[in-house]
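The values are calculated or read from the model by the stated rules, or taken from the named source; none is laboratory data. Just so it is clear, the model here is predicted, and its values are computed rather than measured. Positions of Cβ are generated from backbone atoms using ideal geometry, with glycine treated the same way; all protein chains shown enter the neighbour counts. Surface areas here come from the heavy atoms of the whole protein model, side chains and all, with no ligands, DNA or RNA. Shrake-Rupley method; radii C 1.70, N 1.55, O 1.52, S 1.80 Å.
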Amino acid sequence: MKLGQHYLKHRHYDMALDRLLSGYWLAVETDDQGQIAQANYYLAELFDERKVFDKALDHATQAGEFFERYKRSQQLAKTLTLIASIYEQQGRYNLALVHYFNALDQENQLDHDVRSARLRLNIARVYLHLYNYTKAEAYIVQARNLALQTGNENIVAESQILQGQLELAENKLDDAVTSLQAGLISASRIGAVKLQLLGESILSEAFEKQNDYYNALLSQRRYEQLYAGQQKSIARSNVEVFKQQQKMMERSLKLEEMEREQFESEKALYKQQKITMVLIGVLAFMLLLLLRRQHLNKQLKQQLTQLRTDYYTHPRSGLRNLRMLNARLANSLQQSSANFEQWHLGEIINEPLSDRLRFALFEVSCLKRIYLEQGYKQGLDAEKAFGLYLQEQVLEPARIYHFSDAMFLYIEPNARLSCDPKQLADSLQQLVDNYALKNNLNNDIQIGMAEYPFLPRAYTAINDQELIDILLMAVNAGVKMNDSEPGSHWVHLCAIDAAPAASFVCGDIRRSCIEGIDKGLVKVRSSSKSDIIWNNDHSTDINVS
């Protein structure tokens, strides 16, 4: 980028274009927005110098958008000035004025008197093109005053020549000649060739209007001499650029030839070595892969065994624990609901009673008392032995889970000939009796029972957690009955066929069940004929037959 700016400054345009474009695309690849904006600005300057105004305007606009977005006032002012200059050269004077004024606002904020004076000269020149001589003269005076304050002779000389051009346009020929001669003296003193060319051209025109053809001819000859000198300088510069390009091309060709020869040599030298290394690498990789795979398989088997033991097994009883219940219960309920939904929609002919699940949550209170009466070790041994006993007695498709402490959850498909809950309660009681009586333990248990779907007409109204909550409520009712009537008790809850799902979506399933019992939507059956008291922020007495 810096090299491109250097070439642009010395008017080596071809080389500047190559370097600036290289810098631009490098900045695009690295997504450096600041460098992209700088490259756009210098490319706009380059295209402006070569009179490719559409490209210059495109790059300058992109640069200006970046400088404006990131509040870079100095670069924005330069960019706006460049855009205005392009519009002026295209003869679009109104757009040029707008951008010159915007640039002047930026320079006034930055307090740059020299650039402000230059902008005022540009504005005066545009007003001169628009034949607004009053405003043109006002801005020329302002520019000259600022230039005199800062001691900038270049702007003073340019303002004098522009003043002469304005006076010539107003047909003030004597004043125009005086201003132009003063401007040419200043331009000659500072070596401003462009200003001298412009001044001599306008001065020749002024002399010609005065009918002073001799001085007009002298001015024209001075103009031609200056122009010839400028062309010689440009020619020398072009020759130097051509020589540099020739040297660079020769150097590039030599480098390419050397690189090609080096590449061929390296290719011949390392071809066999690369093939050997690739084969060794492939063999080593395959060996490592096989060893790694064997090791991973062994680890995975060990981890799987450990996970099944630790994660899904109760540490005391050895039965499947609450984690296993949470993992499998939701899927079981979903499958049961899907079967019932298909039956109601007519997709299957017979009601799938065998797919309906029956749940029984029972508490074996004697396990708690062993810990309290005999000690921790004896309690662990008894609980382990009871777990092994249940694993032997409960066979597929029935399942049993160690819910918590002395509570166990029994699940089976509805395959019994009778749907009487007493039959299931008697089966569980017999299961506990066979173990408790043999070991001289209290055989009292409290059982809570329900079926799923709990609401036959609404398959998704009750989820797995809410179903367990219903079972816990039923077990709690059995425990309360035990206070007045010692012994084993069971409580069965079942929603009637016409129970609407809307009655069970309040968010509190216990309250919903109690309200359903009050309204007759939930049928309660138990082993006792006494009243059951349900507590859930209010209590209701229910007579159970």
Quiz item: Mind checking which lysines have their C-alpha under 28 Å from Lys523, skipping anything on the same chain fewer than 8 residues away?
Solution: Lys422, Lys480
Exercise. Give me the compactness ratio for the chain, meaning the Cα radius of gyration over 2.2 N^0.38 Å.
Key: 2.09
Practice problem: With a Förster radius of 45 Å, plug the Cβ-Cβ distance of Ala235 and Glu264 into 1/(1 + (r/R0)^6) and report the FRET value to the nearest 0.05. | Solution: 0.55
Quiz item: What is the distance, in nm, between label points placed 7 Å from the Cα along the Cα-to-Cβ direction at Asn414 and at Thr61?
Solution: 7.6 nm
Self-check item: Probe 1.4 Å, all protein chains present, accessible-area order of Met277, Met248, Met15, largest first
Solution: Met277, Met248, Met15
Quiz item: Can you pull the accessible area of Lys135 for me, 1.4 Å probe, Å² to the nearest 10?
Solution: 100 Å²
Quiz item: Amide H to amide H under 5 Å from Asn152: which residues, 5+ apart in sequence or cross-chain, H placed 1.01 Å off N in plane?
Solution: none
Practice problem: May I ask what percent, to the nearest 5, of DSSP beta bridges between residues of the range 383-525 are antiparallel? | Solution: 70 percent
Quiz item: So how much slack lies between Arg11 and Gln465, counting 0.36 nm per residue of separation and subtracting their Cα-Cα distance, in nm?
Solution: 155.1 nm
Self-check item: Portion, in percent, of the accessible area of the chain that falls on carbon or sulfur, probe 1.4 Å
Solution: 52 percent
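Taking a 1.4 Å probe, which of Trp534, Trp25, Trp490 shows the most accessible area, and what order do the others take after it?
Sorted descending by solvent-accessible area, the residues read Trp25, Trp490, Trp534.
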Quiz item: Which lysines have a Cα lying under 21 Å from the Cα of Lys438, excluding residues fewer than 8 positions away in the same chain?
Solution: Lys368, Lys377, Lys384
Practice problem: Would you pull out the residues with amide H under 5 Å of Ile532's amide H, same chain only if 5 or more places away, H placed 1.01 Å from N? | Solution: Ile542, Val544
Quiz prompt | Val522 accessible area, assembled protein chains, probe 1.4 Å, Å² | solution = 10 Å²
Self-check item: For the range 26-34, 3J(HN,Hα) per residue [Karplus equation, 6.51 cos²θ - 1.76 cosθ + 1.60, θ = phi - 60°, Hz, x = Gly/Pro]
Solution: 5, 5, 5, 4, 8, 6, 8, 5, x
Quiz item: Asp14: accessible area at probe 1.4 Å, nearest 10 Å²?
Solution: 90 Å²
Quiz item: What are the radius of gyration and Dmax of the range 105-233, computed over its Cα atoms and given in Å?
Solution: 15.0, 49
Quiz item: Which of the aspartates and glutamates could a cross-linker span from Lys247 if the Cα-Cα distance has to be under 19 Å and same-chain partners fewer than 8 positions apart are dropped?
Solution: Asp14, Asp18, Glu256, Glu257, Glu259
